[in-house]
């Protein structure tokens, strides 16, 4: 990959209506070498801007419409009603979409993950209220699924990231849906026990009681990815709660490990989409 | 058309809300409830066909975890009663607002003014032994706050026969706008009655000053078509502008202070004599103070590109009445202070701190009319959690303090740090101006009756008849839209001046703005209203939230209004700024207020008060025997003011923005409260800030001078404990006091005022000594309550908050012990200072020897400790506070899950101290450090000039072992320590 091509990758961070992670998400894409722009949703609804100006679309974290009527519900409904065709064209063109936290909730309500049986825009999984019944901010350990087609998690093994949500318990529509997700390796990240590194249902390592410890899933192409934890909140090595101890033990990484997710996306886009 | 949408939890999801109510009904109210199931109901009053309503239902319902139903359905569970809870007319309903917006998307058009959506919750209660009275109690005690919500209690038979009640809380008041006049040519007693009945909170002196002003201006008023008597708009506007909340009358009063020796002196304003004077003196020697005291928040330099803005507020009175609404308004409201500072700062971090009565208080000890402290606390947390999380602002500092005296009025402190570029469009961004001809523009939410008289009401004691309209409910999403828009407009240079619409509403914001320009002329009929029926004076004074006022130059008005429309933010031009010297308000073209700016802002007579200091003498309790030290330490760790608050704290986002470096809870298990927190200001930067806080209300029982000194020292040394140093620390003072104005109802007012004077004296002495200037502050002076026939006053409380620059966050230190074999040092001297501390409180005593601060020694010590952290010689660093070194050692050990082996005899202390004094005395200005054995010489060389000693080592054995020169004192397993520390408020 030539470095000049990554600079041609254009990443879109959609803002507005209570979303709030635009600055750090744009920073992550820029660190990966892409050009990142934060644009208010209304600019697309009013047709002043177009989704197809971009190669990567990020639905970011935050509280769109205050999570009223359920997280992601109103934002997804607005996009479906007023920007649905553009979004369909964007994903069918094979461009990349990442949804983080509120963005993941929006993706599930839109039906952009897991897209089983080719059913785009059909909701197949839900992100329900955490089993413990409250919002929680903590760091968790994630184990990546090496067999997943997910572009964003390529080459990852274990990844510590912060979670901060009240509605993150993934519930598939039924047993068949879960089986199909597993069969197609659409689970990209699972909550893991920090001792064994195995997937866990145990609180607080699995912070929300997610079925099969699912923290992030993708569509069968691996180009649409949603996750509850926040990779954009671990761009600096000093974000990790134990950075001082890591440094003492000589294992403080050069960059925050969340950066890898964005590096993967921008690298892929530079190779295939520019 | 009316449509009813029901959304209930589906089979895949549990009804957590119902289960929670069931548990609380049994536990707190001891009601024979057997089951509770809930559902949300959306009442749609819209012009659409049934297919439109069905489409809305489909969009609202999550098909995998919810069941949606159009119309009324019978729940699948057996029930005996139904409780329906909706909002009262005019109360902010954030969910309904969002639902209306989504409905517009479904219908392909926005809703009209005649259409509406309302939300309600239906609780289906199973309990054959429940009667209507018991269910009613459940409804008002647990499910609803009757100040803001309506409840219906319906039996199963009634429900089956008549169906569920239709929830339509439309405001139906259609009264015509009317401007009255108030005759002030009356006897003094009548003047006082006018003030009292009108909730104006004006004294006789003040009423007389107003009377004289109108008498003198009769001719000009007649010429303008006004009567000599003030209009209700004018009187309300003056009362609001002159309120304690806005004018800080007590802090600006002339006080005759008599000390314990009988010596008397005159103090011309505590604010000017102590707070401002201290800052002005420090300003001569530091270069980083940018803007202090005159804007909505203080501004300090951060680096060559950025300035930082910080404000901490209280929101006590509204919270006492409606805890959720009061608290969310507190946090969302203080966000607008940095947002309205200079040209508008972007919001970076929140802080919060609460003083409550203990949550485990027996129901019978809570007077009728007061909310039980546990439920109050839950609601306050929920409000600030929702407000902060939904705004995308991480919290950095959070604390709670418990004392039964906060039963009548809880204290709710909320603060926000913002970041402001040093220059914007070529001009310093902390400066702003207004020119004649600029448009007066209001942006944000619409105006309703919410919060009317908030400013005057917060200046009064809480009583049973306190006005219910003083309650607001903040809407963080409306405000997020507003703040995103504001920063966009700021960067595009579309306005010249911005300020917050807080207490006093437009009266306050436009009043202050017109004072800067020299006048204004506005028309209240242009203001957007939530509903009809508001009187002109109500429009001017309403404290409806999420609003800012701006001065927009004529040539940018169109661009400004267009951008607002593009961002779904309501913006309205209300008039123009002038240089007439007059605050001129019209309604539909007719003058309703015409006041001289000079009189409005400077006509308030200075209050004259007396203060007398008599030091209290408390019995001195016997010290517990040495053998009890271990058991006492475990008990102390479990006490409300020392134990872990992690359960609630983790419900607040502290990672959003990705700037966090030292988090509120630290250690290998991330469960020990940190001394202070560290964050960067920009992603990936190494430059950062340290936020810390100090509060010590119980020391006020002995002497508020030392309470204040301790609070300042606490915040400063906590800053040092995470790697900070003196030199670039800004302070904020937030005073909460019981009424210090003597009256027959308040016989000890002179003592409380003396307490205020003494706290101010200490504030001056120690801010100057430490070089920590106050850049902003707040006072809340009437924290008393007589609800339920009992007068309850808070202990005088000052929150001292600090914001410090840190050159390199990579040098930050946490409190948890790291490697076995590291040496444990105690730095600083321990004295016999158990007075007002946790140990004595546990023994039901106060004592007399309150911790004092020796500023000169402390400064030398902080410089040495800063040299240690600068050279990265501390593997861990902690500053003990409540519970002294004993609790401090436990936190260091629990944080690292390492043992400590401590020789108590080696602790540097003044002579003759008992073991319990060494371990639990709360002497200020001390640290516990752990250092690598290889660094021993370097560390001791740096500490040579200050009291210090190596008192032990970090061990692999999971035990905190305390011995006295080899003789065992206590051996406490880490698991037992952690259990004591975490159990008290776990899941509470």
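The values are calculated or read from the model by the stated rules, or taken from the named source; none is laboratory data. Source: prediction; values computed, not measured. Neighbour counts run over all protein chains shown; Cβ positions are idealised from the backbone, glycine included.
For segment B:148-158, does any single residue satisfy the condition of being within 24 Å of residue B:25 (Cα to Cα), assigned to a loop (DSSP other than H, G, I, E, B), in contact (Cβ under 8 Å) with a residue 24 or more places away in the chain and under 33 Å from the mean Cα position of the chain (by Cα)?
For segment B:148-158, residues within 24 Å of residue B:25 (Cα to Cα), assigned to a loop (DSSP other than H, G, I, E, B), in contact (Cβ under 8 Å) with a residue 24 or more places away in the chain and under 33 Å from the mean Cα position of the chain (by Cα): present.
Could you please give the count of residues in segment A:138-154 that are assigned to a strand (DSSP E or B) and either closer than 20 Å to residue A:219 by Cβ or in contact with a helix residue (DSSP H, G or I) (Cβ under 7 Å, 6 or more places away or on another chain) (or both)? Summing the residues that are assigned to a strand (DSSP E or B) and either closer than 20 Å to residue A:219 by Cβ or in contact with a helix residue (DSSP H, G or I) (Cβ under 7 Å, 6 or more places away or on another chain) (or both) in segment A:138-154 gives 2. Does residue B:922 count as modelled with pLDDT of 95 or more, farther than 30 Å from residue B:648 by Cβ and within 38 Å of the chain's Cα centre (by Cα)? No.
Sort through A:157, A:138 and tell me the only one that's facing chain B (nearest Cβ under 10 Å), more than 17 Å from residue B:66 (Cβ to Cβ), at pLDDT 95 or above and touching a strand residue (DSSP E or B) at 6+ places or on another chain (Cβ under 7 Å).
On inspection, the qualifying residue turns out to be A:138.
Here residue B:966 meets each of (1) at pLDDT 95 or above; (2) surrounded by fewer than 23 Cβ atoms within 10 Å (Cβ to Cβ); (3) farther than 25 Å from residue B:696 by Cβ with one exception, condition (1).
Residue count for segment A:84-102, restricted to those that are in contact (Cβ under 8 Å) with a residue 40 or more places away in the chain and within 13 Å of chain B (Cβ to nearest Cβ): 3.
For segment A:192-211, indicate whether the set of residues that are in a helix (DSSP H, G or I), under 26 Å from residue B:663 (Cα atoms), in contact with a helix residue (DSSP H, G or I) (Cβ under 7 Å, 6 or more places away or on another chain) and within 14 Å of another protein chain (Cβ to nearest Cβ) is non-empty.
At the first step, the residues of segment A:192-211 found to be in a helix (DSSP H, G or I) are A:211.
From what's left, under 26 Å from residue B:663 (Cα atoms): none.
No, the conditions are met nowhere in segment A:192-211.
Regarding residue A:17, is this residue under 25 Å from residue B:64 (Cβ atoms), within 9 Å of chain B (Cβ to nearest Cβ) and either touching a strand residue (DSSP E or B) at 6+ places or on another chain (Cβ under 6 Å) or assigned to a loop (DSSP other than H, G, I, E, B) (or both)? For residue A:17, the condition - under 25 Å from residue B:64 (Cβ atoms), within 9 Å of chain B (Cβ to nearest Cβ) and either touching a strand residue (DSSP E or B) at 6+ places or on another chain (Cβ under 6 Å) or assigned to a loop (DSSP other than H, G, I, E, B) (or both) - is met. Can you tell me which residues in segment B:717-768 are surrounded by fewer than 24 Cβ atoms within 10 Å (Cβ to Cβ) and part of a loop (DSSP other than H, G, I, E, B)? Listed by number, the residues that qualify are B:725, B:726, B:727, B:728, B:739, B:741, B:742, B:744, B:745, B:747, B:748. Quickly run through segment A:33-83 and pick out the residues that are in a strand (DSSP E or B) and either away from chain B (no Cβ under 11 Å) or surrounded by 24 or more Cβ atoms within 10 Å (Cβ to Cβ) (or both). A:35, A:36, A:37, A:39, A:56, A:57, A:58, A:59, A:62 - these are the residues of segment A:33-83 that are in a strand (DSSP E or B) and either away from chain B (no Cβ under 11 Å) or surrounded by 24 or more Cβ atoms within 10 Å (Cβ to Cβ) (or both). The one condition from (1) within 14 Å of chain A (Cβ to nearest Cβ); (2) crowded, with 19+ Cβ neighbours inside 10 Å; (3) within 17 Å of the chain's Cα centre (by Cα) that residue B:380 does not meet is (1).
For segment B:200-231, how many residues meet the condition of being buried (at least 20 other Cβ atoms within 10 Å of the Cβ) and in a helix (DSSP H, G or I)? So the count comes out to 4.
Within segment B:917-954, being assigned to a helix (DSSP H, G or I) and surrounded by fewer than 22 Cβ atoms within 10 Å (Cβ to Cβ) holds for B:917, B:933, B:934, B:935, B:936, B:937, B:938, B:940, B:941, B:942. Sort out which residues of segment A:160-191 are closer than 25 Å to residue B:651 by Cα and out of contact with any helix residue (DSSP H, G or I) (no Cβ under 7 Å at 6 or more places or on another chain), and write them in order of number. Correct list: A:160, A:163, A:164, A:165, A:166, A:168, A:169, A:189.
Across segment B:16-53, the qualifying residues are those that are in a helix (DSSP H, G or I) and more than 14 Å from chain A (Cβ to nearest Cβ), and the one among them that is modelled with the lowest pLDDT is B:27. All conditions in (1) assigned to a loop (DSSP other than H, G, I, E, B); (2) farther than 26 Å from residue B:478 by Cα; (3) touching a strand residue (DSSP E or B) at 6+ places or on another chain (Cβ under 8 Å) hold for residue B:266, with the sole exception of (1).
This table checks each residue for (1) touching a residue at least 40 places away in the same chain (Cβ under 8 Å); (2) in a loop (DSSP other than H, G, I, E, B).
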position: B:79; (1), (2): yes, yes
position: B:91; (1), (2): yes, yes
position: B:106; (1), (2): yes, no
position: B:110; (1), (2): no, yes
position: B:113; (1), (2): no, yes
position: B:119; (1), (2): yes, no
position: B:140; (1), (2): no, no
position: B:145; (1), (2): yes, yes
position: B:173; (1), (2): yes, yes
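Can you find a residue that is over 30 Å from residue B:284 (Cβ atoms), within 14 Å of another protein chain (Cβ to nearest Cβ) and surrounded by fewer than 24 Cβ atoms within 10 Å (Cβ to Cβ) anywhere in segment B:810-817? Working first, answer last.
First, the residues of segment B:810-817 that are over 30 Å from residue B:284 (Cβ atoms): B:810, B:812-817.
Filter again for within 14 Å of another protein chain (Cβ to nearest Cβ), leaving B:810, B:812-817.
From what is left, the residues that are surrounded by fewer than 24 Cβ atoms within 10 Å (Cβ to Cβ) are B:810, B:812.
Yes, the conditions are met somewhere in segment B:810-817.
Answer yes or no as to whether residue B:418 is buried (at least 24 other Cβ atoms within 10 Å of the Cβ), closer than 30 Å to residue B:291 by Cβ and not assigned by TED's automatic domain parsing to the domain that holds residue B:145. For residue B:418, the condition - buried (at least 24 other Cβ atoms within 10 Å of the Cβ), closer than 30 Å to residue B:291 by Cβ and not assigned by TED's automatic domain parsing to the domain that holds residue B:145 - is met. Checked against the criteria, residue B:82 counts as more than 14 Å from chain A (Cβ to nearest Cβ) and either more than 39 Å from the chain's Cα centre (by Cα) or surrounded by 20 or more Cβ atoms within 10 Å (Cβ to Cβ) (or both).
Test residue B:679 against the criterion of being closer than 21 Å to residue B:414 by Cβ, within 14 Å of another protein chain (Cβ to nearest Cβ) and part of a strand (DSSP E or B), and give yes or no.
Spelling it out, residue B:679 is indeed closer than 21 Å to residue B:414 by Cβ, within 14 Å of another protein chain (Cβ to nearest Cβ) and part of a strand (DSSP E or B).
Residues being more than 27 Å from residue B:769 (Cβ to Cβ) and in contact with a strand residue (DSSP E or B) (Cβ under 6 Å, 6 or more places away or on another chain) are entirely absent from segment B:835-845.
Within segment B:250-299, the set of residues being touching a helix residue (DSSP H, G or I) at 6+ places or on another chain (Cβ under 7 Å) and within 16 Å of residue B:756 (Cα to Cα) comprises B:250, B:251, B:252, B:255, B:257, B:267, B:270, B:274, B:275.
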